Amino acid sequence: MAEEFKRLSRDLVQKGAIIDYYQDTVQVPNGNVVKWDFIGHKGAAAVVPVTADGKILMVRQYRNALDRYTLEIPAGGLNGADEPTKTAAARELEEETGFRCENIEFLVSIYTTVAFCNEKIDIYVAKDLIQSCQNLDEDEFINVEAYTVEELKDMIYSGTIQDSKTICAIMTYASKYSV
C-alpha cells in the first residue's frame with residue numbers, strides 16, 4: 001500500500017533543539033497532492049527502574065508542554081542518532097534517579113505519535129540498582145518517588161498518569177513479569 005503514496009518533497013521549516021519541523025508534499029492514491037506536517041526526532045530511551053523490594057522509581061518533573069508536573073519513568077533523548085538506546089537508558093537512569101545498573105534488559109519499543117512524528121523510544125528494565133549520584137541537566141528539577149506496580153496501575157486507570165511511554169512501560173512490565 002505504501003507504493004500508492006509518493007513523497008514529492010520534504011522541506012525543513014524550522015530546526016529545533018529537540019525536533020525538526022518539516023512540511024512534506026505527498027501525492028496520495030487518488031492523484032491529489034497534499035501537504036503534511038512531519039516532525040523529525042532523533043529518538044529516545046527510557047527505563048523502568050525496579051528496587052530490591054519491587055517498587056518502581058518514578059520521576060516527578062515539570063513539563064512545559066502541559067504546564068504542569070507529571071509522574072514518569074526516567075527517559076531522555078539520544079545524544080545522537082547512532083547512540084545505542086541501551087547506553088542512553090543507562091545514562092538517564094543515573095542522571096535522573098541517582099542509581100545505576102550493570103544489567104539493563106530490553107522491554108519494548110514504541111513510536112509515540114505516528115500521525116506526524118517519527119519519535120521512537122526503546123524502553124528497558126533495570127534491576128539490581130546500585131546507589132550513585134543524581135546528575136541533572138541545568139534545566140531539570142526532578143523528584144524521585146517509589147511506587148508499587150499496583151499503585152502505578154491505579155494512577156494510570158484514574159488518569160493521574162497520562163504519559164504514553166510511562167503507561168506502556170508500566171503495563172508491559174506488569175504483563176511480562178506477572179506483577
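Inspect all residues belonging to the stretch 68-84 and state whether any of them is closer than 30 Å to Arg10 by Cβ, touching a residue at least 12 places away in the same chain (Cβ under 8 Å) and hydroxyl-bearing (Ser, Thr, Tyr).
For the stretch 68-84, residues closer than 30 Å to Arg10 by Cβ, touching a residue at least 12 places away in the same chain (Cβ under 8 Å) and hydroxyl-bearing (Ser, Thr, Tyr): absent.
Pick from Ala146, Ala81, Ala174, Ala115: which is surrounded by fewer than 18 Cβ atoms within 10 Å (Cβ to Cβ) and in contact with a Ser or Thr (Cβ under 7 Å, 6 or more places away or on another chain)? Spell out how you get there, then give the answer.
Values: Ala81 fails: in contact with a Ser or Thr (Cβ under 7 Å, 6 or more places away or on another chain); Ala174 fails: in contact with a Ser or Thr (Cβ under 7 Å, 6 or more places away or on another chain); Ala115 fails: in contact with a Ser or Thr (Cβ under 7 Å, 6 or more places away or on another chain).
Going through Ala146, Ala81, Ala174, Ala115 in turn, just one is surrounded by fewer than 18 Cβ atoms within 10 Å (Cβ to Cβ) and in contact with a Ser or Thr (Cβ under 7 Å, 6 or more places away or on another chain): Ala146.
Which pairs do you get when a residue that is farther than 29 Å from Lys176 by Cα, found in the stretch 118-143, comes within reach of a residue that is among the hydroxyl-bearing types (Ser, Thr, Tyr), reach meaning Cβ atoms under 8 angstrom, with the pair 6+ apart or on two chains?
Note: pairs meeting the criteria are Phe141/Tyr62.
When residues of the stretch 125-144 are filtered for being at pLDDT 90 or above and within 20 Å of Ile104 (Cα to Cα), how many remain?
9
Count, please, the residues in the stretch 118-143 that happen to be surrounded by 15 or more Cβ atoms within 10 Å (Cβ to Cβ) and acidic (Asp, Glu).
Applying the first criterion (surrounded by 15 or more Cβ atoms within 10 Å (Cβ to Cβ)) to the stretch 118-143 yields 118-127, 129, 142.
Those still in the list that are acidic (Asp, Glu) too: 119, 122.
Qualifying residue count for the region: 2.
Kindly evaluate Glu119 against the criterion of being farther than 12 Å from Ala46 by Cα and touching a His at 6+ places or on another chain (Cβ under 7 Å).
Criteria met by Glu119.
So in the stretch 21-43, with the set limited to residues that are under 21 Å from the mean Cα position of the chain (by Cα) and assigned to a loop (DSSP other than H, G, I, E, B), which one is nearest to Ala146 (Cα to Cα)?
Gly43
Let's see how each residue does on (1) under 18 Å from Gln131 (Cα atoms); (2) assigned by TED's automatic domain parsing to the domain that holds Ile121; (3) touching a strand residue (DSSP E or B) at 6+ places or on another chain (Cβ under 8 Å); (4) at pLDDT 95 or above:
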| residue | (1), (2), (3), (4) |
| --- | --- |
| Arg7 | no, no, yes, yes |
| Tyr22 | no, no, yes, yes |
| Asn30 | no, no, no, no |
| Val34 | no, no, yes, yes |
| Asp37 | no, no, yes, yes |
| Arg60 | no, yes, yes, yes |
| Asn79 | no, yes, no, no |
| Arg91 | yes, yes, yes, yes |
| Glu94 | yes, yes, yes, yes |
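What do you reckon, is Lys153 under 14 Å from Glu96 (Cβ atoms) and in a helix (DSSP H, G or I)? Let's see the steps before the verdict.
Numbers: under 14 Å from Glu96 (Cβ atoms): no; in a helix (DSSP H, G or I): yes.
Answer is no for this residue.
The values are calculated or read from the model by the stated rules, or taken from the named source; none is laboratory data. Here the structure is a predicted model, which means the values were calculated and not measured. Methodologically, a virtual Cβ is constructed for each residue, glycine included, from the backbone with ideal geometry; neighbour enumeration extends over all protein chains shown.
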